[in-house]
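S.K.: Before we start, here is the structure in question, set down as structure tokens.
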Amino acid sequence: MSTFPVAAETVAVGDSGPAVVVEALSREDFVRYAGASGDFARIHYDEPFAEAAGYPSVFGQGMLTAGFASTLVTDWFGIEHVRRFRTRFSAQVWPGDTVRVTGEVTDVTPTDDHVVVDVTFEATTGDDVVVLTGSATADLPH
Amino acid sequence: MPRYPLADLEAQVGTSNVTVRNLRVEGGKVEEFARAIHDDNPEFRATERDEPVVAPLTFTRTSYFPQYRTATADWEFGFELGFDRDRSVHGEQAYEFERPVREGDVLTGVTTLAEVYQREGGEGGTMTFAVFETEFRDADGDLVVVVRNTRIETGRPVGGEAEP
């Protein structure tokens, strides 16, 4: 059983991180993220607007899901060690969805006094739809 | 397709605009942002710490609030790409950190049009990609984080990305 943030000497390829689960997202979550982030695109909170654009309902901001993925990475390695964080958006998150973010170590490169760790991660909703994929690099002191 | 020919877009690659000024990182704002992404790490909770808090990885998204934008930083970050907002989506977001953003930082952002290209999509028709790369520097002029935002104009209405 790993403890987080992980220590450099314990990291190995194939390790999984501290999964992040956010249950039953609501329209309120989208509105809170709009207010906190400044992303006021109407498609995320204006139901008639979203329906007129051809969607069944409003959907969450991609950057909200990226925020859930950021929690995985910073819990895993400690924010001061994160060097790179990349996310790609592939599907919408709908009201009622539960988002689960999981990650895996893909590469470990020791240097003189550091260990550079590369990971990939993905966010899925309850019906196993991949809504976000990404990668990150952490530089851990030895 | 955007309103302007691809060559006009490509001619702007490598040029830069100052897009963010006086992004003053406040502890209460960091905590509000962390709560909005459901992150309960005490490092982000100004009300639970005496020392300055650090900000979540994606916090520079708050630079889209009008009070931090320069006059030229419209939806296209001051470039003239002619993307149709109703057909544009946010494809990717990437960060390279020199250090975490911290409470007390006063950040300035300079955005470079890093890349423009087109691909034939499936049902979406021709897709045009624009990569905006913003360097955030602190009050000493030191680089803190580089943020790359990939915007895609698709061939059909998708609802639009938020304006900066």
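S.K.: Could you work out what % of the accessible surface of the protein assembly as shown is carbon and sulfur, using a 1.4 angstrom probe and leaving DNA, RNA and ligands out of the count?
M.R.: Ligands and nucleic acids excluded, carbon and sulfur reach 47 percent.
S.K.: Next question. Counting Lys +1, Arg +1, Asp -1, Glu -1, what net charge surrounds A:VAL11 among other residues with beta carbon under 11 Å of its beta carbon?
M.R.: The answer is -4.
S.K.: Ok, one more. Within the set of other residues whose C-beta is less than 12 Å from the C-beta of A:ASP75, count the net charge using Lys and Arg as +1 and Asp and Glu as -1.
M.R.: -3
S.K.: On average, how many beta carbons from a partner chain sit within 10 Å of the beta carbon of a residue in A:130-137?
M.R.: If you average over the peptide's residues, the count of other-chain Cβ atoms is 1.
S.K.: Step through the residues of the range A:22-36 one at a time and calculate ³J(HN,Hα) from phi using the Karplus curve (6.51 cos²θ - 1.76 cosθ + 1.60, θ = phi - 60°), rounding each to whole Hz and writing x for Gly and Pro.
M.R.: Karplus-based 3J(HN,Hα) across the range A:22-36 equals 10, 8, 6, 4, 10, 4, 4, 4, 5, 5, 4, 5, 4, x, 6 Hz.
S.K.: Taking only protein heavy atoms and a 1.4 Å probe, what accessible area per residue, in Å², does chain B have with all protein chains in place?
M.R.: Result: 44 Å² of accessible area for each residue.
S.K.: Oh, and also: I'd like the mean, over residues of B:51-59, of how many other protein chain beta carbons sit within 10 Å of each residue's own Cβ.
M.R.: Per residue, the average neighbour count from other chains is 4.
S.K.: Positive end of the charge dipole of chain B (Lys, Arg +1 and Asp, Glu -1 on Cβ, about the Cα centre): tell me which of B:THR128, B:LEU143, B:PRO42 has its Cα farthest that way.
M.R.: Result: B:THR128.
S.K.: Quick one: Cα convex hull volume of the protein assembly as shown, Å³ per residue?
M.R.: 145 Å³
S.K.: In Å², what does the accessible area per residue of chain A work out to with a 1.4 Å probe?
M.R.: 44 Å²
S.K.: Whole-Hz Karplus ³J(HN,Hα) for the range A:71-81, in order, using 6.51 cos²θ - 1.76 cosθ + 1.60 and θ = phi - 60°, x for Gly and Pro?
M.R.: With coefficients 6.51, -1.76 and 1.60, one gets 4, 4, 5, 6, 5, 5, 10, x, 4, 5, 9 Hz.
S.K.: I would also like to ask the following. If amide hydrogens are placed 1.01 Å from N in the peptide plane, which non-local residues have theirs closer than 5 Å to the one on A:ARG83?
M.R.: Excluding prolines and chain starts, which carry no amide H, the hits are A:THR137, A:ALA138, A:ASP139.
S.K.: At 222 nm, what value in deg cm²/dmol follows for chain A if DSSP H runs of at least 4 each add -39500 (n - 2.57) and the sum is divided by all its residues, to the nearest 500?
M.R.: Rounded to the nearest 500, the figure is -7000 deg cm²/dmol.
S.K.: When the chain is fully extended, how far beyond the present Cα-Cα distance does A:GLU51 get from A:ASP127, taking 0.36 nm per residue of separation?
M.R.: Stretched out fully, the A:GLU51 to A:ASP127 stretch lengthens by 25.1 nm.
S.K.: Expressed as a whole number of Å, what is the distance separating the alpha-carbon centroids of the range B:1-65 and the range A:65-118?
M.R.: Measuring centre to centre over Cα atoms gives 17 Å.
S.K.: What is the diffusion coefficient of the range B:12-164 in µm²/s, taking the Kirkwood radius over Cα pairs and the Stokes-Einstein relation at 10 °C with a viscosity of 1.306 mPa s?
M.R.: D, rounded to a whole number, is 96 µm²/s.
S.K.: Additional query: What angle, in degrees between 0 and 90 and rounded to the nearest 10, separates the Cα long axis of helix B:27-36 from the longest principal axis of the Cα atoms of chain B?
M.R.: Rounded to the nearest ten degrees, it is 60.
S.K.: What's the magnitude of the charge dipole for the protein assembly as shown around its Cα centre, counting Lys and Arg as +1 and Asp and Glu as -1 at the beta-carbon? Answer in Debye, nearest 20.
M.R.: 680 debye
S.K.: At a probe of 1.4 Å, how much accessible area disappears from chains B and A on forming the pair, both sides counted, to the nearest 100 Å²?
M.R.: 2900 Å²
S.K.: Also, quick follow-up: Could you go through the range A:124-140 in sequence order and give the Karplus-derived ³J(HN,Hα) for each residue, using 6.51 cos²θ - 1.76 cosθ + 1.60 with θ = phi - 60°, rounded to whole Hz, and x for Gly and Pro?
M.R.: The phi angles translate into 10, 9, x, 8, 6, 7, 7, 9, 7, 10, x, 8, 8, 10, 10, 10, 9 Hz.
S.K.: Next question, about the same structure. Which net charge results when you count Lys and Arg as +1 and Asp and Glu as -1 among the other residues whose beta-carbon is under 9 Å from that of A:THR125?
M.R.: Every neighbour counted, the sum reads -2.
S.K.: Using the Cα centre of chain B as the reference point, and only Cβ charges (+1 on K/R, -1 on D/E), how large is the resulting charge dipole? Debye, rounded to the nearest 20.
M.R.: For chain B, the charge dipole is close to 320 debye.
S.K.: Let me know the mean shielding of A:31-37 by other chains, meaning the per-residue number of their Cβ atoms within 10 Å of its Cβ.
M.R.: Across A:31-37, the average partner-chain Cβ count within 10 Å equals 6.
The values are calculated or read from the model by the stated rules, or taken from the named source; none is laboratory data. Note that the structure is a prediction, hence the values are computed from the model and not measured. No Cβ is skipped: glycine too gets one built from the backbone with ideal geometry, and neighbour counts run over all protein chains shown. Heavy atoms of the whole protein, side chains included, go into the accessibility calculation; ligands, DNA and RNA do not. Shrake-Rupley method; radii C 1.70, N 1.55, O 1.52, S 1.80 Å.
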